[in-house]
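Q: Sharing a structure here in structure tokens format.
The values are calculated or read from the model by the stated rules, or taken from the named source; none is laboratory data. All values reported here derive from a predicted model rather than from experimental measurement. So basically every Cβ, Gly included, is an ideal-geometry build from the backbone, and we count neighbours across all protein chains shown. Heavy atoms of the whole protein, side chains included, go into the accessibility calculation; ligands, DNA and RNA do not. Shrake-Rupley method; radii C 1.70, N 1.55, O 1.52, S 1.80 Å.
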Amino acid sequence: MKQSLQLRTSQHLALTPQLQQSIRLLQLSTLELHQELEQLLTDNPLLERLDDPLDRSVRLLADGAISQAPAAGDAAPDNAAPADAPAPAAEAEPAYEGGESESVAEADGDWGDTGRGKAPEDDDARPQLEAHHCSLREHLLEQMRVTLQEPRDRALMELIVDALDDNGYLDESLEEIHARLPLELDVELDELQTSLTLLQSFDPAGVGARGAAECLALQIRRLPGVPLVTRRMALCIVEKHLAWFAQREFTKLKKALDCDDEDLREAQAVIRQCNPHPGAAFAADVSDYVVPDVVVRKGRNGWIVMLNNDVMPRLRVNSLYASLLRQGKGETQMSAQLQEAKWLIKNMRQRFDTILRVAQAIVERQKNFFSHGAVAMRPLVLREIADTLGLHESTISRVTTQKYMLTPHGMFELKYFFGSHVATEAGGEASSTAIRALIVQLTGAEDPKNPLSDSKIADMLGEQGMVIARRTVAKYREALKIPPVSLRKSL
């Protein structure tokens, strides 16, 4: 076979670096986006961010005074700029895409600079300083210092306090703690028992317990104003029949305690006053806050969808470097960085525009949800939004992942508005989200003495025209963390 040279013309799709960056930015959450942006700002000196996250931070001056830097765009009128304000964006040549040029103002100017004015009531706002968090160990040791004087007793008490878990329980037995101590200390097991008994008298009640039964018993003994008979019955339940009480085996409890419903109801009320996790109140739990990407509010002509300006970074090209490049004094590497900066500004604008379009399409199809709540949610799939906007289904999936919408009914991830469907007797479809909301309503309005079973809930949904099996109701109920019928029953 002879070798030969041939010239062929063909077409194929390729992911350009700009397109790859656009896809990556689209799938990032708000937190990941700002982290990615900080890295890009560090690597590319031609890129500037006007809304510095530190603008509103408290800065300690050299003389010890505290001042608050003004937010970007808040200090000067439009026709006057402060002396240290950055120079206007340079008029560099914009990037071309498919033979169509974008204006210089769009390519290099400020982006995301709309609606960022500070509310008048926030002019004198000051950041709040967080109070010192007191841990369970610090709380117990503080009580120990005013109770014990001998160094040996304090050392033994501190040894037991260090063995407590986050809930205030003693994980190790006293025998295991005693076995770890050096023999030359000559510590007796009775000394550890004395220290534990003293610890169990500290606040919070129930601390130092070696199990749930002992924790509840310690608290019941310290509850004020409880009749003696009721206290004894409550202690008998938690010390001997706690499993029956947890499983709501009221018939077995009444037989074992030889009491009636009223006596058992009073003992149950006493037990419910106790906290099975006394140390949890001292845990340093940090709340995770979600910032919405879009906000939905009621307008005169319907529902209005707006981007949240607080999550939209304001970017522009550095005017000094761009000016040097126009004069031909820049390096080749700087020219590439200028192009990357323009790409980022364009891709960032495209990201938020796509999020806004998808959110508007979702609100348009879920109007009943915004007006009446989750029970009015209609079935919706990603393909329906993709066909409406002329986008690929994978693009809709990226947009709706870890993007949040603030509505009058609360904060929801965009994926919340998509759900499977369940057939109805009329031949229509009902959203699984609406069915979950109905299950919550039905279980919330049930009689505690005679709660609804999964079969009964399925029958009641069938009366409303929704064909749903009992096992499907059980699956939805478990997903909603609603206990089964046996655990929802009360006296």
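Q: Any chance you could count how many residues in the stretch 195-219 are in contact with a helix residue (DSSP H, G or I) (Cβ under 8 Å, 6 or more places away or on another chain) and among the hydroxyl-bearing types (Ser, Thr, Tyr)?
A: Result for the stretch 195-219: 1.
Q: Specify which of the listed residues (Arg349, Arg383, Arg357) is of a type in the set (D, E, K, R), out of contact with any His (no Cβ under 6 Å at 6 or more places or on another chain) and more than 26 Å from Leu37 (Cβ to Cβ).
A: Result of the check over Arg349, Arg383, Arg357: Arg383.
Q: Okay, moving on. Picking from Ala234, Ala217, Ala280, Ala205, which residue would you name as being buried (at least 18 other Cβ atoms within 10 Å of the Cβ), in contact (Cβ under 8 Å) with a residue 40 or more places away in the chain and under 27 Å from Leu174 (Cβ atoms)?
A: Ala205
Q: Let me ask another. In this structure, does Ala179 turn out to be buried (at least 17 other Cβ atoms within 10 Å of the Cβ) and in a helix (DSSP H, G or I)?
A: When the stated conditions are applied, Ala179 does not pass them.
Q: If you take the residues in the stretch 373-391 that are open to solvent by 30 Å² or more (accessible area, probe 1.4 Å), in a loop (DSSP other than H, G, I, E, B) and at pLDDT below 90, which one is nearest to Arg24 (Cα to Cα)?
A: Val381
Q: Check Val295 against each of (1) β-branched (Val, Ile, Thr); (2) farther than 27 Å from Cys134 by Cα; (3) assigned to a loop (DSSP other than H, G, I, E, B) and name the one condition it does not meet.
A: Of everything listed in (1) β-branched (Val, Ile, Thr); (2) farther than 27 Å from Cys134 by Cα; (3) assigned to a loop (DSSP other than H, G, I, E, B), Val295 misses just condition (3).
Yes/no per residue for (1) touching a residue at least 12 places away in the same chain (Cβ under 8 Å); (2) open to solvent by 60 Å² or more (accessible area, probe 1.4 Å):
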position	(1), (2)
Glu393	no, yes
Ser397	yes, no
Thr400	yes, no
Tyr416	yes, yes
Leu438	yes, no
Pro448	yes, yes
Leu452	yes, no
Glu463	no, yes
Ile482	yes, no
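Q: For the stretch 303-357, which residues satisfy the criterion of being without any contact (Cβ under 8 Å) to a residue 24 or more places away in the chain and in a helix (DSSP H, G or I)?
A: Selection gives Asp310, Leu324, Thr332, Gln333, Ser335, Ala336, Asp353.
Q: Okay, next question. Does Val226 satisfy the criteria of being on the phi < 0 side of the Ramachandran plot, out of contact with any strand residue (DSSP E or B) (no Cβ under 8 Å at 6 or more places or on another chain), assigned to a loop (DSSP other than H, G, I, E, B) and surrounded by 17 or more Cβ atoms within 10 Å (Cβ to Cβ)?
A: In short, yes.
Q: Considering only the stretch 248-268, how many residues are open to solvent by 50 Å² or more (accessible area, probe 1.4 Å) and either closer than 24 Å to Gly225 by Cα or part of a helix (DSSP H, G or I) (or both)?
A: Number of matching residues: 12.
Q: Here's something else I'd like to know. Six or more apart or on different chains, Cβ under 6 Å: which pairs go from a residue in the stretch 257-275 that's within 30 Å of Asn167 (Cα to Cα) to one that's open to solvent by 20 Å² or more (accessible area, probe 1.4 Å) and not in a helix (DSSP H, G or I)? Could you list them?
A: Matching pairs, first to second residue: Arg265/Leu491; Val270/Val226.
Q: Residue under question is Asn318, and the condition is that it be polar (S, T, N, Q), modelled with pLDDT of 85 or more and closer than 21 Å to Glu36 by Cα; does it hold?
A: For Asn318, the condition - polar (S, T, N, Q), modelled with pLDDT of 85 or more and closer than 21 Å to Glu36 by Cα - is not met.
Q: While we're on this one: Would you confirm whether any residue within the stretch 178-191 is among the hydrophobic types (A, V, I, L, M, F, W, C) and within 43 Å of the chain's Cα centre (by Cα)?
A: Looking for residues that are among the hydrophobic types (A, V, I, L, M, F, W, C) and within 43 Å of the chain's Cα centre (by Cα), one finds none in the stretch 178-191, hence no.
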